[in-house]
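Values in this text are rule-based calculations from the coordinates and carry no lab data. Computed from a predicted model, the values in this text were never measured in an experiment. Cβ coordinates were reconstructed from backbone atoms using ideal geometry, including for glycine residues, and neighbour counts include every protein chain displayed.
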Amino acid sequence: MTRTRTIRPRRPLLAGTTAVAAMAVTAGLVAATAEPAKAATGPKLSLIAATKSITLTSWKEEPGVYLDLGTYLTAEGRPLELKVTRKSYKDPVTITQTVYEGGKAKAKVLPKGTVKDFSGLRDFAEITVTDKAGKKVLSRSEDFCPNNASGRVRPDAPATSKYPESCPTNPFTLGSVWGVEKGWAANTYAGSYTDPAMLAAGTYTAKVRVAKKYRDLFGIDDKPATVKVTVRERSYEDEQSATGPASRSSASGEHAGHGAAHPAPTAHTGHGPGHAPTPAQAAAPVTSGAGPSYNVGHGPLKAAPPALPWALKKQQAARSMRVGDTGGQTDGSRKAPALQPLSKRPAGKPSVPDVPKPDLRSLPAYGIVVSDGEKDIPGKDHLAFSANVWNAGPAQLVVDGFRSPGKAKMDAYQYFYDAKGKQVGYTPTGTMEWDPRPGHMHWHFTDFASYRLLKADKKEAVRSGKEAFCLANTDAIDYTVKNANWHPFNTDLATACGEENSISVREVLDVGSGDTYSQDLPGQSFDITEVPNGTYYIQVLANPEKRLKETDVDNNSALRKIVLGGKPGKRTVTVPAHDLVNKN
């Protein structure tokens, strides 16, 4: 059980990732192999170092360095593809590898305990650091997300990777796909999932090797990568005085070139069987590298490890944080532009055809804390939490809003598509309204979800005032479901939900993705000032008015048990485990 005392909820920091520039092919780096005469059962994996030496920065304000050593896992012959799932929250997380026999894909079940969650392969990389005298000063193991920042290692490799761009960390994730594309390499750096290394300024030698259990499991040669490391000490104050605040992000020379000037690969729209392009999407656009950001109001999906030093990204993000659900991105890897609405509102008779529809499902609440009144009304106790509604498919949720000139609200319509992506019907589904509050400033679709605090007998005690939403694909909840889109659009709130002068807006919730909102503002969080201590349930309810047409409306509710305690002004909340999920 997790017991949380009165604290102010903080937004999770998103670690930005970018696709690395294609690494030069040299004889000592990668030897491209020809396809074997017989069908391979899996990929040929190798650990390589992109550079022989690297400079890392230790900031005086936050001592320690993050060991982004430029080591990568490469895949040749076949891609490395792993599917991580759990049947329910009562079942452990399991993992299978896609292998090929006779040219046909087959799921190979990997040993129990290979994974415990969805954040990556545990203790994959073993790192040893020695000083100039050869004395060992650090030894550690780090996890590896195969979806980390990646790039091609040879020019004839596929132009884009079909795999997702981060490993999800939502505690209620149900399924994930991890992969290293053939001819590509993924950074082994654990980034935000690891602690900084306390190394003084000076020179070191770092040796990185794949742990034996993974070498045996995947047939990886025991060839460690060695990198010379120079640690230099700097301060934010000196950096600001030398370059100015606007230049600080590019001043750390060892990571220059990971910004918007280096676009990430175009998102891949065809993932093989079961992953064809979904109706509302054409070919994905080229996207830019993303700087650090809070996905404020939404979140909290951690990204694959960052390119910039984690301490620096955290400092930058803290300066840019604002209240409310402002612009941000979900997995930190890119800012996906919004899908364009139709040029005019639909004509003809509305209809709900017999074609695949979305299936909206709620996840249990998490991130549950009692706020201390810092931003709330003094003398009031509020229960804050995060809630996610996701789309299990097999079709996207596509909603367009159209504005009559001079009117404050838009009329909203849900669209339906056949198997070939042709629009075959539409139906009115409420309204969209402009939210002018600081930190919002975008169009909200009304009645998408609602939140209630229920008594032990499941009767309503308090209702959240939050029922209007800007839809964005903030979390990868289950990328193993049919038609899941591994590269969703509308991940960036700044583009997904329109401007005040917009004449129309399109909001989309992709198959496999969910939208998390953090309910921590007055009117959204639950006012528990007069609520007695005892057992309660937080209910997350999707499509409460049943205005949206979906496959199944019987799975729209999720409950999370909590126990309120304490005294007025010092209330506490205890959050029992939800089956095997023991995270608040």
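The figures follow:
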item	result
Prolate/oblate/rounded call for segment 63-113, Cα gyration tensor, a/c under 1.5 rounded	oblate
Cross-link partners of residue 207 among lysines (Cα-Cα below 18 Å; sequence separation of 8 or more within a chain)	52, 132, 135, 136, 223, 228
For segment 187-201, 3J(HN,Hα) per residue [Karplus equation, 6.51 cos²θ - 1.76 cosθ + 1.60, θ = phi - 60°, Hz, x = Gly/Pro]	4, 8, 5, 7, x, 5, 8, 10, 9, x, 8, 7, 10, 6, 4
Whether segment 151-206 is rounded, prolate or oblate, judged on the alpha carbon gyration tensor where a/c under 1.5 counts as rounded	oblate
Which listed pairs, of 87/116; 344/407; 90/357; 87/549; 90/212; 44/87, have C-alpha distances above 20 Å, in listed order	90/357; 87/549; 90/212; 44/87
For residue 151, distant residues with modelled amide H under 5 Å away	20, 185
Filtered trypsin sites (Lys or Arg not before Pro), segment 68-101: DSSP coil and at most 13 other beta carbons within 10 Å	87, 90
Average Cα contact separation per residue, segment 83-206, under 8 Å, 6 or more apart, as relative contact order %	25
